[in-house]
Each structure stands twice: as C-alpha cells, then as structure tokens.
Amino acid sequence: MEQITKVWLGPLPADSPYVKPFRFYYVQNGKEKNWDLLKVHDSVSIVLYNTTRQKLIFVKQFRPAVFHGIVTTDGGNVDNVDLKKYPPSLGCTMELCAGIVDKDKSWNEIAREEVLEECGYDVPVERVEEVMTYRSGVGSQGSKQKMYYCEVTDADKSTSGGGVDDELIEVVELSIEEARKMVQQGSDNNSPPSCLLGVMWFLMNKAPKQ
Ligand SMILES: Nc1nc(=O)c2ncn([C@@H]3O[C@H](COP(=O)(O)OP(=O)(O)O[C@H]4O[C@H](CO)[C@@H](O)[C@H](O)[C@H]4O)[C@@H](O)[C@H]3O)c2[nH]1
Ligand SMILES: [Mg+2]
C-alpha cells in the first residue's frame, strides 16, 4: 500500500510551507523563560459513518513522523535505514479522514472536500456537522483541529477516494464492533488521539443502541 523503497533525512528548509520552528520567549512570575515550538496548519477531521453498510470509514496512510518515531525509539538510525529490518508498514496509521486548513475556504467546505478527496463521498456541505474543537500537540504545536460528523450512503460514493496529487491513502471500513474494540482494547494501528476520540464520540452519541 505504502510503496516506500528508500528513506533518508535532511535539514528543514526555512521556507517549509508545513512546519515553521520558533523559540518563543516570555516572562512568567518575574522570570524569563523560553519554549521551542512549531507553527503548523490548523486542521479538520471527519467522523464518517456509512449508514447503508453500517460501517465507520477511516483512512490508512504512511506517516513519516510515525515511522521516524518507531525507528528511533527502537534505537535505529532513520537515515538510509534498512527497510527489511524496519518495514515501511510500521509507519502506517489508521486515522479519521482529515486535512489541513491551508486554503481560503470555510472550515466546513474544507471538511467536505476532504471527505470527497480522501474517501470518495460527494456530499453537500450542509451534511457535514460540527462536533467539537480541540488543540493537538500542546507541548510543541498547539494547533486547532475541528472535528465533524457526516453520515453517508453508498449513493453518495462518487470515486474510490485515495487522496489528491501524490497522496496514497487507503480507505478502510470498520464495523461498529470493530471500532469499539479499537478503543476498548487499544490497538497497534498507530491511531492518533483525534481518531480514538472520534470513535468514542460516535459510540456515545450516534451508534445504534443495542
Ligand atoms: N504535513 C505535511 N508535511 C509535508 O512536508 C508535506 N509535504 C506535502 N504535504 C502534503 O500536504 C497535504 C496534507 O494532507 P492533508 O491536508 O490531508 O492533511 P493530513 O496530513 O491528513 O493531516 C491532518 O490529519 C491528521 C490527523 O489524522 C492531523 O494530525 C493533522 O494535524 C491534520 O492536518 C498532502 O497533500 C501532503 O502530501 C505535506 N504535509
Ligand atoms: Mg489527510
């Protein structure tokens, strides 16, 4: 799925459109302090439920940051790493459909577009409901993410999804029971807290009662 054949490292260019590092200075309780932080884009995520098949829709993709974390925690060196020892599949994650807010469009419209681009469901913006907002990575980035909920049907499916440009995204469907296991027992699928939160919110507020 991930089709990674080689990985290596380089310095972060100062003009990265995705990540800008800063040292933030402040005086607190009369004492000067500083904090190293990253400015990143805010984002949207969408809990997607296909009511025709009663499945939650997730996306699976290779995340360089996750792969880097796994290899280095294991004591490995990521630069030109041996991909037989550390298969790239280690860096694949199960996530909610999500995307960065980097366009001059409403957050709701960006959420609607991500549902189409990543998962292939073409829904009007009115069907994407706001759920809650939170801050992620509060130690280093503090970016805002707004979570949405959207019910889709097989009739809304217009493409197979998979992302735009060079993105390689696999659309994964889980039954409510499979998703429940993900948050009851934990899982080894590298899910970020936003995804686990979305599943728990769905189970509390939307899942059909048994
Ligand atoms: N980040 C980045 N760095 C690059 O160097 C870099 N180089 C190219 N790109 C391109 O930017 C686009 C980013 O994709 P999305 O808009 O779908 O955003 P996500 O990566 O899905 O991130 C969301 O979802 C996550 C939760 O699941 C959250 O953690 C994030 O906060 C949240 O934004 C893709 O076209 C990717 O090819 C980079 N993107
Ligand atoms: Mg995305």
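The values are calculated or read from the model by the stated rules, or taken from the named source; none is laboratory data. Note that the structure is a prediction, hence the values are computed from the model and not measured. Note that each Cβ is placed from the backbone with ideal geometry, even for glycine, and that neighbours are counted across all protein chains shown.
Numerical summary
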{"quantity": "Subset of the stretch 44-64 that is of a type outside the set (S, T, N, Q), outside any loop (DSSP other than H, G, I, E, B) and over 10 Å from the mean Cα position of the chain (by Cα) - its residue that is nearest to residue 101 (Cα to Cα)", "calculated": "47"}
{"quantity": "Restricting the stretch 159-210 to residues that are within 11 Å of ligand 1 (Cβ to nearest atom) and acidic (Asp, Glu), the residue that is nearest to the chain's Cα centre (by Cα)", "calculated": "167"}
{"quantity": "In the stretch 80-128, the residues that are away from ligand 2 (no atom under 16 Å from the Cβ), part of a loop (DSSP other than H, G, I, E, B) and of a type in the set (Gly, Ala, Ser)", "calculated": "106"}
{"quantity": "Pairs with Cβ under 6 Å, 6+ apart, first in the stretch 185-197 and free of Cβ contacts under 8 Å to residues at least 24 places away in the same chain, second in a helix (DSSP H, G or I) and surrounded by 14 or more Cβ atoms within 10 Å (Cβ to Cβ)", "calculated": "196/183"}
{"quantity": "Enumeration of residues in the stretch 126-168 that are under 24 Å from residue 206 (Cβ atoms), of a type outside the set (Lys, Arg) and out of contact with any Phe, Trp or Tyr (no Cβ under 9 Å at 6 or more places or on another chain)", "calculated": "126, 133, 134, 136, 154, 155"}
{"quantity": "Set 163, 142, 120, 186: member being under 27 Å from residue 18 (Cβ atoms), out of contact with any strand residue (DSSP E or B) (no Cβ under 7 Å at 6 or more places or on another chain) and not polar (S, T, N, Q)", "calculated": "163"}
{"quantity": "Check on residue 27, within 16 Å of ligand 2 (Cβ to nearest atom) and not aromatic (Phe, Trp, Tyr)", "calculated": "no"}
{"quantity": "Contacts under 7 angstrom Cβ, first residue in the stretch 121-150 being closer than 25 Å to residue 170 by Cβ and modelled with pLDDT under 95, partner among the aliphatic types (A, V, I, L, M) and part of a strand (DSSP E or B), 6 or more apart", "calculated": "none"}
{"quantity": "Residue 100 of a type in the set (A, V, I, L, M, F, W, C), surrounded by fewer than 17 Cβ atoms within 10 Å (Cβ to Cβ) and either under 21 Å from the mean Cα position of the chain (by Cα) or over 27 Å from residue 45 (Cα atoms) (or both)", "calculated": "yes"}
